[in-house]
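Q: Okay, here's the structure, questions in a sec.
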Amino acid sequence: MKKNVCMFVWNHFTNDARVLRECTALSEDGSDVDLICIHDPSMPGLKTYEEINERFRVHRVKRYPRWLVLFQSMLTLLKKKKYLLLLLLLVWAAGVFYLPIITIAFTILFSSLLLKKVRTLIIRSSIFLRMIVKGWNKNYDIYHSNDLNTLPQGVICAKFKLFNRKKLIYDSHEVQTSRTGYDSKLYGKMESFLLKFVDQMIVENHTRAKYNEDLYGFYPKVVHNYPFVQKKEIEKIDLHEMLDISKDEKILLYQGGIQTGRGLENLVKAAPHFTEGTLVFIGDGRIKNKLIQLTEDMNLSHKVKFLPKVPLTDLPKYTKNAYLGFQVLNNVCFNHYSASSNKLFEYMMAGVPVIACDFPEIKKVVEKEETGILVDSHDIESIAKGVNYLLSNPLLRDELGKNSEIASNKYNWLNEKDKFIAIYETLKGE
């Protein structure tokens, strides 16, 4: 008998390929799936509710508390209307004189709301509570938390019931105890505690599964982050025309998040040493402006181009333009060192050879399938050498591209989703 599944993810679910694959697989297998994620009013056209198919629905909880939106509107109005600010000061002064305790309390409250950290805490707490309410209000059979930031929601909804507790899956896309931006030991302690309530844990590859076993004493299930099978003949968006570069110009592509620790600064610094080609970044992220500034400072705007994030369904149309693709993570944490990287397999699907870091999971695929060149991702000269070797050997490049297409028949979601469905079958039998 198929089940009702509630899945949590702490993002807007606009470009989360793994979650899309998993929810789609469950719905195609006959389960009803509700995905609870986050809405953002600043994103035009983003819906609070979507039906992906007849069994897969997306619910986006509000990002901001209504009273906080009103407070922000009030601040904006006060900045525009100076006389209102004066009136507010007069009311405050009267309040201090006639109702000092209440006025001081409100002053402290409103002053704290001006602090970014306080507002961030309020917003995240609001999202957290809305997710719990949404997940609690329906009778689900299985809860599924993607990453540590939704595991507490899953635990509360699945296990904090007086009767008829539900099954809980923890799907850890990252290594929570060693990743960029998660430096506090609190995350490890939090994960260790919450794992006591988890019925099944999923990780991306066997390197991470072994790490988990060494840390917590059990070996989780492995579901690789392989993409959907793509059509062999796919429409191609003309990047040369879009970027206004020559049709003969070779596109050296990085696609994905523009984030710290992904070796992207080294790509820009290596670009002057490339014998030909244009380095193209497709994606958005926290350090994008920094990369653009670095490009301008090095007078490389003619050789390094930037494009915004594109929808997942359209991304292959861009990837097909590339002469080669980059996957040059830096070893800044175990999360990066142990990554398999969906990006690696996206290049593979498009028949694009890679310039890749020599970390264990990535190295294993690239060497075994002969789909690219391994480099030292921390060394600009090594990156440039690998790029120039493929630029000067077009026959080798074509051979590696063909190997990539062949390998894509193995490294794809069609072969992996049965393992994922099997994990749910084990829970249904309990």
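The values are calculated or read from the model by the stated rules, or taken from the named source; none is laboratory data. Worth saying up front: this structure is predicted, and the values here are computed from it rather than measured. Reconstructed Cβ throughout: ideal geometry from the backbone, glycine too, with neighbour counts over all protein chains shown.
Q: Please count how many residues of the stretch 338-371 are part of a helix (DSSP H, G or I), over 13 Å from Asn225 (Cβ atoms) and free of Cβ contacts under 8 Å to residues at least 24 places away in the same chain.
A: Adding up the residues that qualify gives 5.
Q: If a residue has to be closer than 23 Å to Thr180 by Cβ, surrounded by fewer than 14 Cβ atoms within 10 Å (Cβ to Cβ) and in contact (Cβ under 8 Å) with a residue 24 or more places away in the chain to count, how many in the stretch 264-322 make the cut?
A: Counting residues in the stretch 264-322 that are closer than 23 Å to Thr180 by Cβ, surrounded by fewer than 14 Cβ atoms within 10 Å (Cβ to Cβ) and in contact (Cβ under 8 Å) with a residue 24 or more places away in the chain gives 2.
Q: Go through (1) of a type in the set (Lys, Arg); (2) within 22 Å of Trp413 (Cα to Cα); (3) out of contact with any strand residue (DSSP E or B) (no Cβ under 6 Å at 6 or more places or on another chain) and name the single condition Lys288 misses.
A: With respect to (1) of a type in the set (Lys, Arg); (2) within 22 Å of Trp413 (Cα to Cα); (3) out of contact with any strand residue (DSSP E or B) (no Cβ under 6 Å at 6 or more places or on another chain), Lys288 is out only on (2).
Q: Okay, moving on. Is there a residue being modelled with pLDDT of 70 or more and part of a helix (DSSP H, G or I) anywhere in the stretch 49-59?
A: The answer is no, given that none of the residues of the stretch 49-59 is modelled with pLDDT of 70 or more and part of a helix (DSSP H, G or I).
Q: Let me ask another. I'd like the full set of residues that are of a type in the set (Phe, Trp, Tyr) and surrounded by 18 or more Cβ atoms within 10 Å (Cβ to Cβ), limited to the stretch 183-227.
A: Within the stretch 183-227, Tyr211, Tyr226 meet the criteria.
Q: From Ile245, Ile202, which residue is more than 22 Å from Phe420 (Cα to Cα) and touching a residue at least 24 places away in the same chain (Cβ under 8 Å)?
A: None of the other options fit; the residue is Ile245.
Q: With respect to Val33, is the statement that it is of a type in the set (Val, Ile, Thr) and not in a strand (DSSP E or B) true?
A: Considered against the rule, which asks whether it is of a type in the set (Val, Ile, Thr) and not in a strand (DSSP E or B), Val33 comes out as no.
Q: Can you tell me which residues in the stretch 205-231 are without any contact (Cβ under 8 Å) to a residue 24 or more places away in the chain and assigned to a loop (DSSP other than H, G, I, E, B)?
A: Gly217, Phe218, Tyr219, Lys231
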